[in-house]
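Shown next, in structure tokens, is the structure this report addresses.
The values are calculated or read from the model by the stated rules, or taken from the named source; none is laboratory data. Being a predicted model, the structure only gives us computed values, none of them experimental. When we count neighbours, we look across all protein chains shown, and the Cβ atoms used for this are built from the backbone with ideal geometry, even at glycine.
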Amino acid sequence: MNLFFKLLFYISAFIIYWAMIGYQSSLKYIGKIYKSRKLQKDYNHQPKVTVMVVAHNEEKVILEKLHNIIELDYPKEKIEFLISSDNSTDKTNEIVKNFIASHSEYNIRLYEVKARMGKTNAQNEAQKTVVTEYLVMTDANSMMDTNAVKELMAAFTSDDIVYVSGQLSIVNQKASDVSNAEANYWDSDLAAREIEGRIQTITAGNGALYACRTKDYYDFNPIQCHDSAMPPLYALEGKRAIANHDAIAYEKAGEVIEDEFGRKVRMNRIILKHIIPDIRILNVFKYGWFSYFYFGHRTCRYLLWISHLLILVSSALLIRESWIYSVAFLGQTLFYLLALLRAVTKSQNKYLTLIYYYTVTIIAQWVGVYRILTGKSKPFWEKAESTR
């Protein structure tokens with residue numbers, strides 16, 4: 001029996017290490033091997049494109065977003081704007097209609113979703129009205145750089161590239177330790193995506209800003225989200241999803257832990273399916289680097305919730321076997337006590353906040369799993385007020 005617990009301990013320890021440190025470190029070396037591969041761009045590639053904004057009760061930011069998208073540097077005759085309102089009950093629709101009436105020189109449409117079924121469904125419904133060759137997706141609270149669409153389109157340099165993700169830039173990084181932790185996470189994640197896309201294909205996108213060929217759009221189940229579902233789907237079809245971080249969207253991160261917790265719970269609404277969404281991903285002989293990328297960047301991260309529990313339990317049961325397990329158990333206990341201390345005292349100590357932030361991330365995964373198992377997982381999202 002001790003052998004079984006030791007296996008659990010070391011497997012869990014490896015998953016945690018690889019998800020948080022090992023994979024990122026390995027990518028740096030792999031990136032050096034493939035340093036000759038560069039992101040190719042063709043700025044003469046300026047096809048007709050539709051910019052879709054999905055909104056649900058975004059009266060606080062929708063007007064700013066509308067002004068933002070019409071200021072994009074892209075040929076006016078080649079760009080359309082589509083606002084998909086997911087059964088908004090505030091003044092969002094009214095604001096959009098008034099804006100359309102006062103800016104008739106722009107091709108702006110409002111699509112009103114009658115029954116609220118979440119962001120993905122709103123995209124699915126509105127996409128069926130799109131006639132342009134390319135589709136750019138962006139969130140209502142994400143302000144796009146003026147060159148964003150031009151940069152996204154420039155990256156479609158070959159037929160096998162069907163998806164391009166932009167860069168999310170956190171504008172309020174210094175507002176709180178929570179937003180700083182989230183910004184640091186994104187910086188690390190973006191660095192990984194740059195290497196993945198340059199070598200073969202990324203494992204996940206970015207909901208704030210991405211583009212795809214309209215003919216390759218897929219009607220996902222509303223419980224899914226494009227960020228995590230699109231790139232793996234394309235990879236399994238032998239197509240590429242890449243990142244162009246010169247296409248930038250600016251957004252606020254949650255400044256309070258409650259907002260970030262809620263967002264992370266929503267992100268984990270189908271975490272069990274994301275661990276291995278398709279068994280074919282494991283076929284390294286067919287999918288090459290993508291199999292490696294997905295295991296390190298996604299599978300291990302999606303297993304953190306159970307790995308932390310198993311390493312805690314196994315180290316407790318093996319505590320008399322070796323000082324290694326004693327140290328591991330005491331270290332974990334201290335880690336969680338420090339997180340609890342931060343929760344109780346509301347301390348602004350940056351190290352305590354970092355520990356607390358990570359612990360909350362793991363708890364959010366557990367909540368996601370609980371909701372899946374109890375049938376409470378829903379496709380809806382509630383906006384975080386500190387991000388508006």
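If the condition is being over 22 Å from ALA253 (Cα atoms) and either surrounded by 18 or more Cβ atoms within 10 Å (Cβ to Cβ) or at pLDDT 95 or above (or both), then the range 374-388 contributes only SER377. Counting only residues that are assigned to a loop (DSSP other than H, G, I, E, B) and under 30 Å from LYS114 (Cβ atoms), the range 1-59 holds 5 of them. As for the range 180-189, it holds at least one residue that is touching a residue at least 60 places away in the same chain (Cβ under 8 Å) and in contact with a Lys or Arg (Cβ under 7 Å, 6 or more places away or on another chain).
Would you mind stating whether THR129 is over 22 Å from the mean Cα position of the chain (by Cα) and of a type in the set (Ser, Thr, Tyr)?
Details: over 22 Å from the mean Cα position of the chain (by Cα): yes; of a type in the set (Ser, Thr, Tyr): yes.
When the stated conditions are applied, THR129 passes them.
As a summary of the residue check, GLN123 satisfies the conditions (1) outside any strand (DSSP E or B); (2) within 17 Å of LEU66 (Cα to Cα); (3) within 21 Å of the chain's Cα centre (by Cα) except for the one numbered (2). Being basic (Lys, Arg), at pLDDT 95 or above and surrounded by fewer than 20 Cβ atoms within 10 Å (Cβ to Cβ) is true for just one of LYS60, LYS114, LYS65, LYS97. Which residue is that? Going through LYS60, LYS114, LYS65, LYS97 in turn, just one is basic (Lys, Arg), at pLDDT 95 or above and surrounded by fewer than 20 Cβ atoms within 10 Å (Cβ to Cβ): LYS97. Scanning the range 172-196 for residues that are more than 19 Å from ALA243 (Cβ to Cβ), out of contact with any helix residue (DSSP H, G or I) (no Cβ under 7 Å at 6 or more places or on another chain) and surrounded by fewer than 18 Cβ atoms within 10 Å (Cβ to Cβ) turns up just one, ALA175. Scanning the range 342-357 for residues that are buried (at least 17 other Cβ atoms within 10 Å of the Cβ) and touching a residue at least 40 places away in the same chain (Cβ under 8 Å) yields a count of 4. Given the residues ALA247, ALA316, ALA328, which is the only one that is modelled with pLDDT of 95 or more, touching a Gly at 6+ places or on another chain (Cβ under 7 Å) and of a type outside the set (Val, Ile, Thr)? From the options ALA247, ALA316, ALA328, the qualifying one is ALA247. Inspect all residues belonging to the range 146-166 and state whether any of them is assigned to a loop (DSSP other than H, G, I, E, B), buried (at least 22 other Cβ atoms within 10 Å of the Cβ) and modelled with pLDDT of 95 or more. Yes: one or more hits.
Checked against (1) at pLDDT below 95; (2) surrounded by fewer than 23 Cβ atoms within 10 Å (Cβ to Cβ); (3) out of contact with any Ser or Thr (no Cβ under 8 Å at 6 or more places or on another chain), ARG213 passes all but a single condition, namely (1). Just wondering, is there one or more residues in the range 76-87 that are among the small types (Gly, Ala, Ser) and part of a helix (DSSP H, G or I)? No, every residue in the range 76-87 fails to be among the small types (Gly, Ala, Ser) and part of a helix (DSSP H, G or I).
Among what's in the range 311-338 and is crowded, with 19+ Cβ neighbours inside 10 Å and touching a residue at least 40 places away in the same chain (Cβ under 8 Å), pick the residue that is nearest to the chain's Cα centre (by Cα). Give the steps one after another, and end with the answer.
In the first step, residues of the range 311-338 are kept if they are crowded, with 19+ Cβ neighbours inside 10 Å; the result is 311, 314-315, 318, 325, 328-329.
This time we only want the ones that are touching a residue at least 40 places away in the same chain (Cβ under 8 Å), so: 311, 314-315, 318, 325, 328.
Numbers: ILE311: 27, SER314: 32, SER315: 33, LEU318: 37, TYR325: 35, ALA328: 31 Å.
Filtering the range 311-338 for residues that are crowded, with 19+ Cβ neighbours inside 10 Å and touching a residue at least 40 places away in the same chain (Cβ under 8 Å), the one nearest to the chain's Cα centre (by Cα) comes out as ILE311.
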